[in-house]
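**Q** Below is one structure. I have some questions about it.
The values are calculated or read from the model by the stated rules, or taken from the named source; none is laboratory data. Predicted, not measured: the structure shown is a model, and the values here were computed from it. Because the Cβ atoms are built from the backbone with ideal geometry, glycine has one as well, and the counts that use them run over all protein chains shown.
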Amino acid sequence: MGEGLAKISTPADHQASLADLIAQAFSTYGSRCLWNVLPPSAGDDVSLVVCQLKRYGDLGAWDLAVEIARAAEDAYDGFE
């Protein structure tokens with residue numbers, strides 16, 4: 001009966017995916033783009049990570065930066 005129902009996302013779901021994306025950024029681009037940036041804690045601003053990825057990374061880093069920015073926006077804004 002509940003097969004057609006979409007899963008309702010929660011702030012914790014978005015926080016988890018944001019944390020996973022940031023971990024991916026540091027493991028993939030840490031030495032090239034993020035060598036002088038500390039990984040942000042939950043609730044911290046991720047704009048520096050996004051900026052560094054876009055400025056010093058390749059196209060893959062840019063795409064990851066866009067994903068991180070979207071996940072951060074979802075995690076902190078869209079819960080009406």
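**Q** Take the residues in the stretch 1-26 that are among the small types (Gly, Ala, Ser) and at pLDDT 80 or above; name whichever of them is surrounded by the most Cβ atoms within 10 Å (Cβ to Cβ).
**A** Only one residue fits best here, namely Ala25.
**Q** Considering only residues of the stretch 54-65 that are of a type in the set (A, V, I, L, M, F, W, C) and in contact (Cβ under 8 Å) with a residue 12 or more places away in the chain, which is nearest to Pro40 (Cα to Cα)?
**A** Looking at the filtered set, the residue picked out is Ala65.
**Q** May I ask you to list the residues in the stretch 32-71 that are among the small types (Gly, Ala, Ser) and modelled with pLDDT of 90 or more?
**A** The answer is Ser47, Gly57, Gly60, Ala61, Ala65, Ala69, Ala71.
**Q** Could you list all residues from the stretch 27-66 that are part of a helix (DSSP H, G or I) and surrounded by 17 or more Cβ atoms within 10 Å (Cβ to Cβ)?
**A** Tyr29, Cys33, Val49, Val50, Gln52, Leu53, Ala61, Leu64, Ala65
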